[in-house]
Amino acid sequence: MATPGLEPAELPADAVEVGRIADAWGIKGWFKVLPHSASPEALFSSRRWYLLPPERGPKAFAGPVLLRIREAKEHSDSVVASAQEVDDRTGAEALKGARVFVARSSFPTPGQDEYYWVDLIGLDVVNREGVALGQVKDLLSTGPQTVLVIEYQADGQPAERMIPFVAAYVDTVDLAARRIIVDWQPDY
């Protein structure tokens with residue numbers, strides 16, 4: 001099934017999922033987006049969003065499709081946006097549940113010692129002594145700080161350890177070498 005006005009597109013090679021469309025917002029085609037990040041700058045910096053249909057439920061399009069964003073702004077705990085291809089509430093409702101992707105190349109440049117979570121996932125984590133502690137599987141926001149979720153093998157079984165992503169424990173993040181050096185011991 002196709003929604004009029006939505007143009008089939010190819011996901012960019014560097015596409016990153018940044019949120020989901022929650023519902024229509026208002027009557028003029030605006031829609032509400034639940035960002036995956038507490039700081040949804042990628043949604044504001046890109047004017048080209050790519051959508052994939054929801055994993056479950058009705059699908060208004062086969063996807064991926066391109067949305068040309070007119071405006072995106074913060075509203076309460078979410079983001080609201082309007083797109084050239086969506087003119088009314090019915091069109092916005094058809095997008096409910098769609099996954100929103102943005103090209104990584106359109107993300108704003110992070111500041112000194114700032115990193116996008118997507119860039120940290122998969123990095124190897126070693127301590128100051130060179131002992132491998134595992135790979136970053138995920139990150140958790142605990143409010144005051146972010147925590148690295150590290151996956152490793154213990155007695156042949158997958159296990160996790162958590163390391164606060166703060167200067168007291170993280171010495172170096174080397175994106176080029178795909179490695180994080182930490183002040184942490186394997187038995188902590």
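The values are calculated or read from the model by the stated rules, or taken from the named source; none is laboratory data. No experiment lies behind these values; they were computed from the predicted model shown. Here the Cβ is made from the backbone with ideal geometry for all residues, glycine too, and neighbour counts use every protein chain on show.
Here are the numbers for this structure:
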{"read-out": "Residue that is over 30 Å from I21 (Cα atoms) and acidic (D, E), where the choices are E114, E93, E85, E129", "value": "E129"}
{"read-out": "Condition met for L95 (closer than 14 Å to I163 by Cβ, out of contact with any Pro (no Cβ under 8 Å at 6 or more places or on another chain), buried (at least 17 other Cβ atoms within 10 Å of the Cβ) and not acidic (D, E))", "value": "no"}
{"read-out": "Segment 139-188, subset among the acidic types (D, E) and over 11 Å from V126 (Cα atoms), residue surrounded by the most Cβ atoms within 10 Å (Cβ to Cβ)", "value": "E151"}
{"read-out": "Scope segment 151-173; condition at pLDDT 95 or above and of a type in the set (D, E, K, R); matching residues", "value": "E151, E160, R161, D171"}
{"read-out": "Test: residue in segment 103-122 that is modelled with pLDDT of 95 or more, of a type in the set (A, V, I, L, M, F, W, C) and surrounded by fewer than 18 Cβ atoms within 10 Å (Cβ to Cβ)", "value": "no"}
{"read-out": "Residues being under 20 Å from F107 (Cα atoms), in contact (Cβ under 8 Å) with a residue 60 or more places away in the chain and either of a type in the set (G, A, S) or buried (at least 19 other Cβ atoms within 10 Å of the Cβ) (or both) - total across segment 17-53", "value": "10"}
{"read-out": "Among the candidates F31, F61, residue that is over 23 Å from T146 (Cα atoms), more than 19 Å from the chain's Cα centre (by Cα) and aromatic (F, W, Y)", "value": "F61"}
{"read-out": "Checking A60 against (1) touching a helix residue (DSSP H, G or I) at 6+ places or on another chain (Cβ under 9 Å); (2) at pLDDT below 95; (3) in a strand (DSSP E or B), the condition it does not meet", "value": "(3)"}
